[in-house]
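Each value in this text was obtained by applying a stated rule to the coordinates, not by laboratory testing. Here the structure is a predicted model, which means the values were calculated and not measured. Cβ atoms come from the backbone with ideal geometry, glycine included; neighbour counts cover every protein chain shown.
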Amino acid sequence: MAKDQGEVQLLGVGGSPFVRRVQIALKLKGIEYTYIEENLRNKSDLLLKYNPIHKKVPVFVHNGKPLAESLVILEYIDETWENYPIFPQQPYEKALARFWSRFIDDKILPAISKAAWTVNKEEREKGIEESLQALQFLENELKHKFFGGENISIVDIAASYLAFWLPAIEEAVGLKVLSSDKFPKLYKWSQEFNNHPIVKENLPPKDGLLGFFKSRYAAISAASK
Amino acid sequence: MADEVILLDYWVSPFGMRVRIALAEKGIKHEYREEDLRNKSPLLLQMNPVHKKIPVLIHNGKSICESLIAVQYIDEVWNEKSPLLPSDPYQRSQARFWADYVDKKIYEVGRNLWTKKGEEQEAAKKEFIEALKLLEQELGDKTYFGGDKIGFVDVALIPFYTWFKGYETFGNINVEKECPKFIAWAKRCMQVESISKSLPDQDKVYGFIVEITKKFGLE
């Protein structure tokens, strides 16, 4: 048990990549926490109390004080528990890490969603084009085993969506964006990332995720007929 | 060795204004370069190849893109005076949360106020006022979001005030009536030297919005 870490809780849902980001960071730092699984179709009073603005997960609570937005939470965790730093220490390197984490959330994820969750051929083509462009920037950025060098860092954690969720989405909706021939470095990175001992323990079961995405796509297909 | 600091910017950009305020607060000598967004300079394209947008802060040849990232960078490097982020990690995280909220809400919704019509505009009006009211709540009885002095959230938010005449005229809303506390905060901010000298005149910004609406047939 980490000494004097205080009371830590995490509200989340098992399949959320944003929740898993926080869990990976907590595990890397050896922080013990109580996990509360939410039902997003029937949000708990606790969730609504702790995140009245966005009403989303993850919500991180430290000694009764709540925090929302995964990237904000990750900065807090890194500043509070200094072992196994996930952000670089130098301001310029830190700025770059923040830039790429935001890029993943603001550019890559929406492009992939656009490509995946549609039956409209043009929408999908457009989404794929945007995804490929965005992924190329990230591919060019990868210079070592992980974005953080020899160890995983904030950008790797933010990119966990690409390593684990994206392949499940691709399979569920019949899409291919992160291929090994187009993005050899990212592809190799995703294998290393998914096999990292801490990450491995903190990913959701693949079958459940695949099933969830398949149902989602089936609903979209049905709705469009 | 003297620091070389360049800011690539565009006068009317609220994102650029944030970085201007931070540089002024810290008293950082820098070169301001106005970009022509229809004819972006080779330097801009080289320094921000991913987004090709302003503002770009260039410090000793290294570029920092995205306004809130640049403001945090400035706060961390020039950390001897006028801290913009609180020293307590939880308060710091709250400042980041609210700055992120401003990014997610104010720019997009504000833009819808003067570019959309009909139902979409009505929805934007409602969302805009709701967002300002939430921010008023967060401000509470404080002079600034940063407390007694301006902080990260003040810097993130105040630039949008220069766009209010445009939002109000085209969007047909009266912010002072709906959110008097917000306007009172904004007026206090405009008394702060680093802010008043970094922001363009509201009337000039309004003129810019009028020009754009005419050009793109948005009236």
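Listed values, structure above:
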| item | result |
| --- | --- |
| Rg/Rh for the range A:46-117, where both radii come from Cα atoms and Rh is the Kirkwood radius | 1.04 |
| Whole-Å distance, taken between Cα centres, linking the range A:95-171 and the range B:131-204 | 35 Å |
| Partners for A:Lys145 among lysines (Cα-Cα distance below 16 Å; same-chain residues under 8 apart left out) | A:Lys185, A:Lys188 |
| Partner chain coverage, peptide B:84-94 - average Cβ within 10 angstrom | 4 |
| All lysines inside 25 Å of A:Lys225 as judged from Cα atoms, apart from same-chain residues fewer than 8 positions distant | A:Lys114, A:Lys121, A:Lys126, A:Lys176, A:Lys214 |
| Of B:Val205, B:Ile6, A:Leu166, farthest towards positive along the dipole that unit charges on Lys, Arg, Asp, Glu beta carbons give the protein assembly as shown | A:Leu166 |
| Estimated [θ] at 222 nm from DSSP helical runs (n ≥ 4, -39500 (n - 2.57)) normalised by residues in chain B, nearest 500 | -17500 deg cm²/dmol |
| Cα shape, chain A, gyration tensor, a/c 1.5 rule | oblate |
| Order of B:Trp11, B:Trp185 under a 10 Å beta carbon neighbour criterion, fewest first | B:Trp11, B:Trp185 |
| Compactness relative to 2.2 N^0.38 Å, alpha carbon Rg of the range A:91-223 | 1.06 |
| Where GluC sites (Glu not before Pro) fall in DSSP loop in the range B:66-154, at most 15 other Cβ within 10 Å | B:Glu80 |
| Trypsin sites (Lys or Arg not before Pro) restricted to DSSP loop in the range A:103-163 with at most 13 other C-beta within 10 Å | A:Lys143 |
| Chain B, dipole about Cα centre (Lys/Arg Cβ +1, Asp/Glu Cβ -1), debye to the nearest 20 | 300 debye |
| Neighbour-limited loop hits for trypsin sites (Lys or Arg not before Pro), the range A:37-106 (at most 15 other Cβ within 10 Å; DSSP other than H, G, I, E, B) | A:Arg41, A:Lys43, A:Lys55 |
| Point-to-point label distance, A:Asn140-A:Ile53, nm (Cα→Cβ direction, 7 Å offset) | 3.3 nm |
| Anisotropy class of the range B:5-77 from Cα gyration tensor, a/c 1.5 cut | prolate |
| Estimated [θ] at 222 nm from DSSP helical runs (n ≥ 4, -39500 (n - 2.57)) normalised by residues in chain A, nearest 500 | -16000 deg cm²/dmol |
| Whether the protein assembly as shown is rounded, prolate or oblate, judged on the alpha carbon gyration tensor where a/c under 1.5 counts as rounded | rounded |
| Dipole moment magnitude, nearest 20 debye, the range B:5-77 about Cα centre, only Lys, Arg, Asp, Glu C-beta charged | 160 debye |
| Solution diffusion estimate, µm²/s, Stokes-Einstein, the range B:8-158, Kirkwood Rh from C-alpha pairs, 4 °C, viscosity 1.567 mPa s | 78 µm²/s |
| 12 Å beta-carbon shell around B:Ile28, net charge (K/R +1, D/E -1) | -2 |
| Given charges at beta-carbon only (K, R positive; D, E negative), |dipole| of the range A:5-117 in Debye | 440 debye |
| Residues of the range B:1-35 with amide N under 12 Å of the 7 Å Cα→Cβ point at B:Gln46 | none |
